[in-house]
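The structure appears right after this line, and notes come after that.
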Amino acid sequence: MDDTVSAIDAQPLVAFIRQEPGWERIGRTIEEAVAGSRTLRLTAVNAGEVTYAVERQLGALAGHRALVAIQAWTEVISVDLELAARAGWLKLRGGISFADCFAAALAHRDGIPLITGDSEFRRVEDVIEIVWLSGA
């Protein structure tokens, strides 16, 4: 497994943009991605989650800027039927939002760890590797 490639959930990106607790740690990971020493993959569904969360709290312009920024930090992965079906399989476990299932499905499909601080992902810890941010 290439430890320089990771999937990333919306939660750490939103925390970084809003400068919520722990934002500095994900900032270092984003700096590595910008420098080219790390690849972060994010599904288009989770990119929409980031935009929604930022716009809801900070307004439409901030949501648009967040979307532009995350495209510079991440490889945004389109969702196809296979990824959607895998997300559905993970949703069957219960206790995890369907949007979060897409982040987990990407990590599972690509055999890469998922970066998150969202405790919902404990439900899928047995099938994907989680890189936990503090507080999960």
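Read the figures in this text as sums done on the coordinates, not as results from a lab. Everything numeric in this text was worked out from a predicted model, so none of it was measured. Methodologically, a virtual Cβ is constructed for each residue, glycine included, from the backbone with ideal geometry; neighbour enumeration extends over all protein chains shown.
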- Item | Residues of region 102-136 with amide N under 19 Å of the 7 Å Cα→Cβ point at Glu24 | 117, 132-136
- Message: Going by Cα centres, region 53-105 and region 14-41 are how many Å apart?
- Response: 16 Å
- Taking r as the C-beta separation of Leu67 and Glu120 and R0 as 25 Å, the FRET efficiency to the nearest 0.05 is 0.60
- Please arrange His108, His64 by counting, for each residue, the other beta carbons lying within 10 Å of its beta carbon, fewest first. His64, His108
- With a sphere of radius 14 Å drawn around the Cβ of Arg109, what net charge do the other residues whose Cβ falls strictly inside it have (Lys, Arg +1; Asp, Glu -1)? -3
- How far is it, in nm, from the label point at Arg56 to the one at Glu75 when both lie 7 Å from their Cα along the line to the Cβ? 2.9 nm
- Rounded to whole Hz, the Karplus (6.51, -1.76, 1.60) HN-Hα couplings of region 127-132, x for glycine and proline: 10, 9, 7, 10, 9, 7
- Based on the mean of other Cβ atoms within 10 Å per residue, sort peptides 54-62, 94-102 so the most packed one is first. 94-102, 54-62
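Using a ≥ b ≥ c from the Cα gyration tensor of region 47-89 (square roots of the eigenvalues), is it rounded, prolate or oblate, where a/c under 1.5 gives rounded and otherwise the larger of a/b and b/c decides, a/b for prolate?
oblate
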- Message: If amide hydrogens are placed 1.01 Å from N in the peptide plane, which non-local residues have theirs closer than 5 Å to the one on Asp9?
- Response: Ile115
- Query: What is the spin-label model distance, in nm, from Arg93 to Arg109 if the labels are put 7 Å beyond Cα along the C-beta direction?
  - Reply: 1.7 nm
